[in-house]
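S.K.: Structure in C-alpha cells, see below.
Since every read-out is calculated from the coordinates, none of them should be taken as a lab result. These numbers were taken from a predicted model, which means no experiment stands behind them. Positions of Cβ are generated from backbone atoms using ideal geometry, with glycine treated the same way; all protein chains shown enter the neighbour counts.
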Amino acid sequence: MANVHEIITSRMIELLEAGTAPWQKSWASRAPVNLISQKPYRGLNVISLASQGYASEFWVTFNQCNRLGGKIRRGEHGSLVVFWSIGEEKLNPKSGKLSKPVLLKYSTAFNLTQTEGIAEKLGLDKQTPVVPNVEAADAIVANMPNRPAFVASDKAWYSSTRDVVGLPAKESFVSGEAFASVRFHELAHSTGHSSRLARFESDGCDHRFGSESYSKEELVAELSAAMLCGQCGISPAVIENSASYCRSWIDRLKGDSKLIVAAASAAQKASDYVRGITQESQTEVA
C-alpha cells in the first residue's frame with residue numbers, strides 16, 4: 001500500500017505529466033484558507049489547492065460541509081490536503097529519550113464553489129476577482145528582515161558566499177510581474193544563508209549545479225516564489241521549454257517520494273521569512 005508521501009508525489013507527477021508545473025500556475029483566488037478554522041493552508045497545500053483555479057479561497061472537508069448545513073455538488077471531486085499528526089510523548093527504546101511520534105497524514109477538502117447551501121448563507125457567494133498588485137510585491141521586499149544586498153547584473157542569481165542578489169534592470173523584463181517573481185525567487189534562495197534560516201548549512205551540501213541538493217534548493221525557491229506571488233495576485237515566472245522542464249521534475253520526484261513535501265515545507269519557511277513572519281501555526285498543513 002502506498003504511503004502518504006507516495007500518494008502526494010503521484011498526484012504531483014500527474015499534474016506535471018499534464019504539461020504544467022502546478023507551482024507555475026497563477027492563482028485565481030487568494031491564498032487558500034479553511035473556512036471553519038479560518039487558518040491559511042501551508043506548505044504543499046498552498047500550491048496544490050491554489051493552483052487549481054477555483055474562484056474561492058475557502059475550503060471545507062466533507063464533515064465540515066455537513067455541519068454548515070451544505071452539501072457537495074454532485075460529481076465534484078475533493079482535493080488532497082496533507083498535515084502532520086503529532087502523537088503522545090513516548091520513550092524511544094533506541095535512544096532512551098522521550099519523543100513525540102510525527103506522522104504525515106492526508107484528508108480531502110472541497111472548494112466552497114464545489115458546495116451548495118453554504119456560500120449564500122454566509123454571504124460568500126460574491127467573490128471579488130484577484131487583481132495583480134506589483135506594489136504589494138515591492139512592499140514585501142522592502143520590509144523583508146535582514147535583506148541581502150542587490151546589485152545590477154545581466155542575469156538573475158544569488159551568491160551565498162557574498163550574500164548578494166544580482167538582478168537585471170526591471171525594464172528588461174516582459175512585465176513588472178515577471179520582475180517581481182524572479183526577485184522573489186532569488187530572495188527565497190537568500191533565506192538559506194546562515195544569517196537567516198541556515199538551510200544550506202543544515203543539509204551539509206554546497207548546492208553545486210546539477211547536484212541533488214541543487215535541484216531541491218531550486219524547487220524550494222520556485223515554490224516559495226509561487227507562494228509570495230500568490231500573496232500579491234501576480235503570476236509566477238514561466239520557465240521556457242516547459243515539456244523538458246516538467247520531464248526533469250517528474251524524473252526527480254519519481255526518484256525521491258519525499259522531495260516535494262520536504263521542499264514545500266522549506267519553501268513555506270522561506271516565504272514566511274521574506275514576509276517577516278517568524279512564527280505561525282502549522283496545524284493545518286505539512
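S.K.: Can you check how the C-alpha radius of gyration of region 133-193 compares to 2.2 N^0.38 Å, as a plain ratio? Intermediate results must be reported in sequence, preceding the final value.
M.R.: Working: Rg = 11.0 Å, N = 61, 2.2 N^0.38 = 10.5 Å.
In units of the globular-protein estimate, region 133-193 measures up at 1.05.
S.K.: Arranged from highest to lowest average of other beta-carbon atoms within 10 Å per residue, in what order do the peptides 132-145, 186-199, 110-123 appear? Present the calculation step by step, with values, prior to reporting the outcome.
M.R.: Numbers: 132-145: 14.9, 186-199: 20.6, 110-123: 16.6.
Listed from highest to lowest mean packing, they are 186-199, 110-123, 132-145.
S.K.: Suppose every Lys and Arg Cβ carries +1 and every Asp and Glu Cβ carries -1, with no other charges. What dipole size does region 134-274 come out with about its Cα centre, to the nearest 20 debye?
M.R.: So the dipole magnitude of region 134-274 works out to roughly 200 debye.
S.K.: Follow-up. Find the relative contact order for the chain and round it to a whole percent, using C-alpha pairs within less than 8 Å whose residues are 6+ positions apart.
M.R.: That works out to 26 percent.
S.K.: Going by Cα centres, region 232-276 and region 36-62 are how many Å apart?
M.R.: 17 Å
S.K.: Quick check of the Kirkwood formula: for region 42-92, what is the inverse mean of 1/r over all pairs of different Cα atoms, in Å?
M.R.: Working: mean 1/r = 0.0734 Å⁻¹.
About 13.6 Å for region 42-92.
S.K.: Additional query: Return the sequence-ordered ³J(HN,Hα) values of region 77-87 in whole Hz as given by the Karplus equation 6.51 cos²θ - 1.76 cosθ + 1.60 applied to θ = phi - 60°, using x for Gly and Pro.
M.R.: Each residue's phi maps through the Karplus curve to give 10, x, 10, 6, 10, 10, 7, 8, 9, 9, x Hz.
S.K.: When the helices in the chain are scored as -39500 (n - 2.57) per DSSP H run of 4 or longer and the sum is shared across all residues, what 222 nm value do you end up with, to the nearest 500 deg cm²/dmol? Write down the numbers at each step before the final one.
M.R.: Details: 10 runs with 112 residues, N = 286.
Helix-only estimate at 222 nm: -12000 deg cm²/dmol.
S.K.: Can you flag which of LYS39/LYS216; LYS170/LYS269; LYS126/LYS254 are past 30 Å Cα-Cα? Display every interim value, and only then the final one.
M.R.: On the way: LYS39/LYS216 27 Å; LYS170/LYS269 27 Å; LYS126/LYS254 41 Å.
Over 30 Å apart, Cα to Cα: LYS126/LYS254.
S.K.: Rounded, prolate or oblate: which one fits the chain, using the alpha carbon gyration tensor with axes a ≥ b ≥ c (rounded when a/c is under 1.5, else prolate when a/b beats b/c, else oblate)? All intermediate terms of the calculation are to be shown ahead of the outcome.
M.R.: On the way: a/c = 1.65, a/b = 1.20, b/c = 1.37.
Here the chain falls in the oblate category.
S.K.: Placing +1 at every Lys and Arg Cβ and -1 at every Asp and Glu Cβ, with all other atoms neutral, what dipole size does the chain have around its Cα centre, in debye to the nearest 20? Don't skip to the answer; put the middle values down first.
M.R.: Working: 31 positive and 30 negative charges, 154 e Å.
For this selection, approximately 740 debye.
S.K.: Rg/Rh for region 134-274: what does it come to with C-alpha atoms and Rh from Kirkwood? List each step's numbers first, then the result.
M.R.: Working: Rg = 14.5 Å, Rh = 15.4 Å.
That ratio is 0.94, to two decimals.
S.K.: Cβ neighbours within 10 Å, averaged per peptide: list 88-99, 67-78 in order, most packed at the top.
M.R.: Values: 88-99: 8.2, 67-78: 12.3.
Output ranking for 88-99, 67-78: 67-78, 88-99.
S.K.: Compute the projected area of the convex hull of the Cα atoms of region 28-122, averaged over all viewing directions, and report it in nm² to one decimal place.
M.R.: On the way: hull surface 30.1 nm².
For region 28-122, averaging the hull's shadow over all directions gives 7.5 nm².
S.K.: Would you please classify the overall shape of region 54-189 from the alpha carbon gyration tensor, given that a ≥ b ≥ c denote the square roots of the eigenvalues, rounded means a/c under 1.5, and beyond that prolate means a/b larger than b/c while oblate covers the rest?
M.R.: On the way: a/c = 3.32, a/b = 1.28, b/c = 2.60.
It is oblate, given that a/c is not under 1.5 and a/b is not larger than b/c.
S.K.: Placing +1 on the Cβ of each Lys and Arg and -1 on the Cβ of each Asp and Glu in region 28-122, which of ILE36, LEU49, PRO101 has its Cα farthest towards the positive end of the resulting dipole?
M.R.: PRO101
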